[in-house]
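Here is the structure we will look at.
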Amino acid sequence: MSRWESFYLRTRWRLCPFELIESSLPSRGRILDFGCGYGMLSNLLAERSPERTVVGIDLNPKRMGVALRSVTNRRNIHFHLGAVESLNPSPFAAAVMTDVLHHIRDDQVEILLRKVYRCLDQDGLLAILDVDRTPFWKFCVTFAIDSLLNPTDRLWYRPLRRIQEMLKSAGLQTEKVIPADQGLPLADVLLLCRKNREPDPRG
């Protein structure tokens, strides 16, 4: 890895509530890590439970190269470069998106959520970690760190209510909202969602 990648990974590991995310996901079954980046969360999920089969997917070839090198000889973790459509169509027990939504504009978020909806089994769980706008000082710190780590990206920070509206439109019901900022200087929030019994007919 380059020095920049090493710096990014060390910073990311210290600032992201990976332990909270891991403890909120099922301990067995297929789990999709969408936008897995370098594969840190995917590796944690696979290491914590051999009964999980973790599939990480990302569009960034450089980050995917690092993730692929982390697999070694383990059989319960796989990484794919590409879009959701390229995956095995068998359903996932859970999917997770960590700091993904605020990198995507509104119309693409709704398309993405519908695709993830179709990847989940009937009782599947979707966990989303993203940025809240409160408390405001933590939001400011989050913005500064995001700008440092992703200097060329445009970012879309949405109120929590707006994210929940997008989820509902995609047929997903928010079951629980967990503040994920304790002990951290970031305005993170974790949403745990499941499929509605009757998804939005526009899907």
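The values are calculated or read from the model by the stated rules, or taken from the named source; none is laboratory data. For clarity, every value in this text was computed on a predicted model and none was experimentally measured. Heads up, the Cβs are rebuilt from the backbone with ideal geometry, glycines too, and the neighbour counts pull from every protein chain shown. For accessibility, only protein heavy atoms count, side chains too; no ligands or nucleic acids. Shrake-Rupley method; radii C 1.70, N 1.55, O 1.52, S 1.80 Å.
What's the number of the condition T134 fails, among (1) in contact (Cβ under 8 Å) with a residue 60 or more places away in the chain; (2) β-branched (V, I, T); (3) not in a helix (DSSP H, G or I)?
Condition (1) is where T134 drops out.
Any residue at all in the range 91-100 that is aliphatic (A, V, I, L, M) and assigned to a helix (DSSP H, G or I)?
Keep residues of the range 91-100 that are aliphatic (A, V, I, L, M), which gives 93-97, 100.
From what is left, the residues that are assigned to a helix (DSSP H, G or I) are none.
Looking through the range 91-100, none of the residues is aliphatic (A, V, I, L, M) and assigned to a helix (DSSP H, G or I).
Would you check which residues across the range 1-27 are over 14 Å from L129 (Cβ atoms), hydroxyl-bearing (S, T, Y) and surrounded by 13 or more Cβ atoms within 10 Å (Cβ to Cβ) and list them?
Y8, T11, S27, listed by residue number.
Would you mind finding the one in L113, L155 that is assigned to a helix (DSSP H, G or I) and of a type outside the set (D, E)?
On the way: L155 fails: assigned to a helix (DSSP H, G or I).
Unique residue meeting the criteria: L113.
Would it be correct to say that V109 is buried (at least 18 other Cβ atoms within 10 Å of the Cβ), closer than 19 Å to L20 by Cβ and among the β-branched types (V, I, T)?
Details: buried (at least 18 other Cβ atoms within 10 Å of the Cβ): yes; closer than 19 Å to L20 by Cβ: no; among the β-branched types (V, I, T): yes.
Here the answer is no, as V109 does not meet what is asked.
Condition test on R48, is it closer than 25 Å to L191 by Cα, at pLDDT 95 or above, surrounded by fewer than 16 Cβ atoms within 10 Å (Cβ to Cβ) and not small (G, A, S)?
Numbers: closer than 25 Å to L191 by Cα: yes; at pLDDT 95 or above: yes; surrounded by fewer than 16 Cβ atoms within 10 Å (Cβ to Cβ): yes; not small (G, A, S): yes.
Yes: the conditions hold for R48.
Please find, among R74, R30, the residue that is of a type in the set (K, R), touching a residue at least 24 places away in the same chain (Cβ under 8 Å), farther than 24 Å from P179 by Cβ and surrounded by 16 or more Cβ atoms within 10 Å (Cβ to Cβ). Show your work before the answer.
Values: R74 fails: surrounded by 16 or more Cβ atoms within 10 Å (Cβ to Cβ).
Unique residue meeting the criteria: R30.
Within the range 165-186, does at least one residue satisfy the condition of being open to solvent by less than 60 Å² (accessible area, probe 1.4 Å), over 24 Å from W13 (Cα atoms), of a type in the set (A, V, I, L, M) and not in a helix (DSSP H, G or I)?
Among the residues of the range 165-186, at least one is open to solvent by less than 60 Å² (accessible area, probe 1.4 Å), over 24 Å from W13 (Cα atoms), of a type in the set (A, V, I, L, M) and not in a helix (DSSP H, G or I), which makes the answer yes.
Considering only the range 82-111, state which residues are of a type in the set (A, V, I, L, M, F, W, C) and free of Cβ contacts under 8 Å to residues at least 24 places away in the same chain. Break it down into steps so the answer makes sense when it comes.
First, the residues of the range 82-111 that are of a type in the set (A, V, I, L, M, F, W, C): 83-84, 87, 92-97, 100-101, 104, 109, 111.
Listed by number, the list holds a single entry, I111.
So Y117 passes all but one of these: (1) more than 17 Å from L41 (Cα to Cα); (2) surrounded by fewer than 20 Cβ atoms within 10 Å (Cβ to Cβ); (3) not hydrophobic (A, V, I, L, M, F, W, C). Which condition number does it fail?
(2)
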